[in-house]
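Laboratory data are not the source of any read-out in this text; all were calculated from the coordinates shown. On a predicted model such as this, the values are computed, not experimentally measured, just so you know. Every residue, glycine as well, gets a Cβ built from its backbone with ideal geometry; the counts of neighbours run over all protein chains shown.
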Amino acid sequence: MADSLTALMGTRTASAIAKPTGTRIRMVHQVISDYNHLGVEAIETPGSGGRRHSYLKLEEEQQVLETLNPKAKRGEITSKPQVKQAFEQKVEHTVHIAVFL
């Protein structure tokens, strides 16, 4: 019985797959094995986009900025230290100023 990945891709050698994809033959064998044992979940990756390294959810960040909105409506300028202070109150710890650059 043919494995699932072979059925999808046809019969190609590992070297025929490795060369155009820029990987090694061993990697091709490992991916096929992982796929055959665990299915698609074994080879899916999360991708390169998104907000993986954030302190707060987007909605929470918007709430922090909304607290500064009344000053902006009065024509006052909000400085980085003011934003930093409001942010730190929300996350309940200090953060480096570089977070706001």
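In this label model, GLU61 and GLN82 are separated by 2.0 nm, measuring between points 7 Å along each Cα→Cβ vector.
Ordered by the count of other Cβ atoms within 10 Å of each Cβ, fewest first, PHE87, PHE100 give PHE100, PHE87. The Cα atoms of the chain cover 72, 25, 24 Å along the three principal axes, with the biggest extent listed first. The angle between the Cα long axis of helix 25-38 and the longest principal axis of the Cα atoms of the chain comes to about 80 degrees, rounded to the nearest 10. If you look at the Cα atoms of the range 58-100, you get an Rg and a Dmax of 10.5, 29 Å. Projected label points at VAL91 and SER54, each 7 Å from Cα along the beta carbon direction, are separated by 1.3 nanometres. Computed extension length for ALA18-ALA98: 24.6 nm, one decimal, from 0.36 nm per residue of separation with the Cα-Cα distance subtracted.
Where Lys and Arg each count +1 and Asp and Glu each count -1, what net charge lies around THR45 among other residues with Cβ under 14 Å from its Cβ? Mind showing how you got there, number by number?
Numbers: positive: ARG52; negative: ASP34, GLU41, GLU44.
Computed value for this residue: -2.
A cut-off under 14 angstrom between Cβ atoms defines the neighbours of GLN89, and their net charge, with Lys, Arg +1 and Asp, Glu -1, is -3.
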